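A.B. asks: Following this message is one structure expressed as structure tokens.
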Amino acid sequence: MMEREEYKRLYTFGIDYGTSDVKFGPITCGEVPQITENRGYLPDKESIMYKAFEVPRDIVVGRDLPLYLQSSEDLSSRLIYPMRNGVIEKDDEKAWRIVEELSRYALNIFKPADEAFKGFHLVASLSSISPRYMYERLFQIYERIAEEDGTIRAATIIPQPLAVAIAHKATTCVVVESGHGNTQVCPISRYPIRNAIVAVNRGGGDANALTSEILKDLGYGDLARQESFVRAVKEHIGLIPVDLDKAVEAAKEDSKRFNIRFKVPGTRISIELGENAWTRFLIGEYIFNPNHEVFQSYFTRGMSKPKDVRIGNTVFRGMIDFGEAILESVERCPIELQPHLYRQILLSGGNFSWRQVEELKEYATDAPTKIRLLLKGWDITNVKASMAEAPQYSVWRGCVIYGYAVPEDYEWNWERMEGWKKFLE
Amino acid sequence: MDDGGLPSYSNGEHRAAVKILSLEDLEDRNILLQSLLEAASKPGSHDKAYVAMPKLLASAIDGRILEDVGLGLLIYDERSIEEAIPARINPRRIQAAPPPVDPSVTREIQFLKAEISVLRETVEKLKREISLLREGVKPRLEEKVREARIEANVPSPSQSSGLPSFFQDNPWLSVLSQRGREEEKIAS
């Protein structure tokens with residue numbers, strides 16, 4: 001048996017269950033992990049196509065998934081994104097089966113032939129608001145995989161904001177992780193401060209919904225139903241306004257200056273905003289603060305308003321702006337700690353990646369500046385906000401560092417929610 | 001009382017030592033001379049010295065010689081004793097009374113005594129502290145050794161370690177390497 005440190009240097013494995021994608025791989029991947037969509041397909045077993053496959057499978061995951069897709073009509077019921085809002089319901093068996101299949105898939109890709117291999121030290125990362133039963137179910141899944149595939153020697157689970165802080169070498173900070181379905185604000189002071197976490201029921205998916213409404217108003221109603229298209233449009237045209245009123249006014253006065261055309265790569269489809277170029281600013285503003293009256297007309301016409309919802313034990317706030325969410329979270333921490341937390345706010349997740357247009361910088365800004373402006377509105381001025389480097393990969397990187405550094409003999413502790421669950425000796 | 005081997009007498013102010021000679025003593029000239037020298041030089045607490053001899057022989061003594069050396073002469077017979085030559089007070093024989101003490105010296109002595117007392121307390125305190133340090137050093141050394149061992153398990157990666165760049169200078173490596181050890185430290 002090789003030395004412990006040498007073993008961990010080879011066989012520490014990180015897996016980040018993001019709302020849209022799963023990022024995974026061993027420490028030997030270097031800077032960048034593998035990525036696959038966090039989804040699974042349950043084929044219709046009665047279809048001729050299914051019966052024609054040599055090795056019929058109950059669940060299809062990974063990069064070959066598109067090859068198994070059948071009619072578009074049953075996609076909504078058979079193509080499942082198990083962690084769309086960061087949390088899986090306790091009795092959502094389909095979702096749990098997909099998570100198990102994705103985990104096996106990720107581990108088996110990197111399973112080495114080396115005889116010295118006795119399973120990975122697996123570090124998984126979940127949303128900070130994941131309830132305890134998610135940890136329990138995940139450990140049950142890992143135990144089965146360890147027995148059947150021999151790919152897991154020991155496993156642990158950490159909250160995503162902690163992983164982000166680790167990857168960014170910040171031991172005292174606030175991590176704002178914004179994904180597809182929700183946003184988590186989590187203060188860190190060597191440990192995640194769990195009772196100060198604020199969850200927001202708003203993420204990239206809500207900006208997609210607004211973009212879809214804008215596309216309908218522009219006459220692209222048929223395309224507005226396809227999520228991947230809507231997402232691409234959002235990422236191309238969306239802007240974060242410095243001040244929404246001023247930006248909209250300027251864009252209405254000089255729409256040519258703010259106009260944009262978007263052509264879908266590999267197709268003949270293109271859209272142009274023209275006189276509606278001002279709507280570009282609504283997309284960004286909606287993520288950070290949906291309380292402006294301009295959004296009321298969209299709610300009136302049927303777009304669902306972000307609601308306060310309870311998922312597991314956590315209440316997700318629908319309409320709270322990001323500045324207030326950070327304020328609320330930090331103010332649950334000790335007073336002495338609060339200034340240090342404001343001085344290091346890390347923005348992580350794809351929902352903070354927005355285009356910068358140099359010629360429009362008077363009206364459009366980036367996510368860290370928007371956060372500073374929102375907090376300034378609450379009279380908090382000594383703020384330093386920054387984007388996480390490589391936001392897509394930072395959780396995975398934090399997982400790998402965690403797995404490498406935490407002593408192997410530290411057994412899982414349910415009170416502290418940390419340590420290793422050992423499956424193989 | 002006896003004073004240096006001679007009988008001595010005091011009147012309250014002075015003490016006189018007396019060498020008593022008999023007729024038989026004076027039969028030998030050497031004994032007379034020896035007795036006179038003994039009375040003149042005998043050390044003691046007295047400040048006067050006398051030679052006592054019978055009247056019969058006193059006429060044979062030259063009184064001036066006795067006066068020159070400060071010796072007194074007592075003559076006696078069966079009926080009386082007379083002081084023929086008074087003895088001179090000899091200041092060298094008076095034991096020196098302690099000189100009067102200068103008050104500044106007294107103060108200096110008191111100050112030094114206080115200083116010594118403080119120093120004594122300081123020494124005692126230092127002794128106790130050294131003892132406590134000796135007791136404390138061993139477990140601390142053991143703790144340091146344990147920490148060094150733990151840190152040795154998670155070496156700080158160098159450029160050549162082959163680990164990804166995000167490991168470089170990452171303070172979490174040492175923070176996380178202590179996970180599960182903090183409670184042990186508190187317990188111990």
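The values are calculated or read from the model by the stated rules, or taken from the named source; none is laboratory data. All values derive from a computational prediction rather than experimental measurement. FYI the Cβ positions are ideal-geometry reconstructions off the backbone, even for glycines, and counts take in every protein chain you see. All accessible areas refer to the heavy atoms of the entire protein, side chains included, with ligands and DNA or RNA removed. Shrake-Rupley method; radii C 1.70, N 1.55, O 1.52, S 1.80 Å.
A.B. asks: So if the hydrodynamic radius of the range A:257-323 is defined as the Kirkwood radius over C-alpha pairs, what does Stokes-Einstein give as its diffusion coefficient at 37 °C and 0.692 mPa s, in µm² per second?
C.D. replies: In µm²/s, the coefficient rounds to 225.
A.B. asks: Helix-derived [θ] at 222 nm for chain A: sum -39500 (n - 2.57) over DSSP H runs of at least 4, divide by residue count, nearest 500?
C.D. replies: The per-residue figure over chain A is -10500 deg cm²/dmol.
A.B. asks: Give me the percent of the accessible area of the protein assembly as shown that comes from carbon and sulfur atoms, probe 1.4 Å, all protein chains in place.
C.D. replies: The computed percentage sits at 50.
A.B. asks: Same structure again: Average partner chain C-beta neighbours within 10 Å, per residue of A:125-136?
C.D. replies: Mean partner-chain Cβ count within 10 Å for A:125-136: 0.
A.B. asks: Could you work out, residue by residue across A:158-166, how many beta carbons of other chains sit within 10 Å of that residue's beta carbon, and then give the average as an integer?
C.D. replies: Neighbouring Cβ atoms belonging to other protein chains average 1 per residue here.
A.B. asks: Amide H neighbours of B:Ala49 under 5 Å, at least 5 residues apart or on other chains, H built in the peptide plane: list them.
C.D. replies: B:Ala17, B:Gly72, B:Arg88
A.B. asks: Using only the Cα atoms, what convex hull volume per residue in Å³ does the range A:268-399 have? Walk me through the intermediate numbers first.
C.D. replies: Details: hull volume 26.3 nm³, N = 132.
Hull volume normalised by residue count: 199 Å³.
A.B. asks: Related question: In Å and whole numbers, how far do the C-alpha atoms of the range A:163-287 stretch along each principal axis, longest first?
C.D. replies: Projected onto its principal axes, the Cα set of the range A:163-287 covers 50, 33, 24 Å.
A.B. asks: With θ taken as phi - 60° and the coefficients 6.51, -1.76 and 1.60, list the Karplus ³J(HN,Hα) couplings across the range B:12-20 in order, rounded to whole Hz; mark glycine and proline as x.
C.D. replies: x, 9, 10, 10, 10, 9, 10, 9, 9
A.B. asks: Taking only protein heavy atoms and a 1.4 Å probe, what accessible area per residue, in Å², does the range A:240-352 have with all protein chains in place?
C.D. replies: Numbers: 5630 Å² over 113 residues.
Each residue of the range A:240-352 exposes 50 Å² on average to a 1.4 Å probe.
A.B. asks: Related question: Nearest 100 Å² is fine: how much accessible area is buried between B and A, summed over both sides, with a 1.4 Å probe?
C.D. replies: Chain pair B/A: roughly 2300 Å² of buried accessible area.
A.B. asks: OK, next. By per-residue mean of other Cβ atoms within 10 Å, what is the highest-first order of A:340-346, B:104-110, A:98-104? Spell out each step's value before the answer.
C.D. replies: Values: A:340-346: 20.3, B:104-110: 9.9, A:98-104: 22.7.
Put in order of decreasing packing, that is A:98-104, A:340-346, B:104-110.
A.B. asks: What is the packing order of peptides B:172-181, B:64-73, taking the mean over residues of other C-beta atoms within 10 Å and listing the highest first?
C.D. replies: So the peptides B:172-181, B:64-73, ranked by packing, come out B:172-181, B:64-73.
A.B. asks: Turning to a different aspect of this structure: Over the Cα atoms of the range A:166-213, each weighted equally, I'd like the Debye log10 I(q)/I(0) at q = 0.17, 0.25, 0.27, 0.31 Å⁻¹, rounded to two decimals.
C.D. replies: Evaluating at q = 0.17, 0.25, 0.27, 0.31 Å⁻¹ gives log10 I(q)/I(0) of -0.56, -0.86, -0.93, -1.06.
A.B. asks: Please work out the Cα center distance from the range A:1-25 to the range A:176-240, rounded to the nearest Å.
C.D. replies: Value for the Cα centre distance between the two parts: 29 Å.
A.B. asks: What are the extents of the Cα atoms of the protein assembly as shown along their three principal axes, listed from largest to smallest and rounded to whole Å?
C.D. replies: Principal axes ranked by extent give 173, 66, 42 Å for the Cα atoms.
A.B. asks: For the range A:215-279, list log₁₀ I(q)/I(0) at each q in 0.23 Å⁻¹, using the Debye formula over Cα point scatterers of equal strength and ignoring solvent, two decimals each.
C.D. replies: Result of the Debye calculation: -1.02.
A.B. asks: Turning to a different aspect of this structure: Just which residues of the range A:385-425 lose 50 Å² or more accessible area with every protein chain there, against their chain alone, with the probe set to 1.4 Å?
C.D. replies: A:Ile401, A:Tyr404, A:Ala405, A:Pro407
A.B. asks: If you take every DSSP beta bridge whose two residues both sit in the range A:300-425, what share of them, in percent to the nearest 5, is antiparallel?
C.D. replies: On the way: 4 of 8 bridges.
So the antiparallel bridges in the range A:300-425 amount to around 50 percent.
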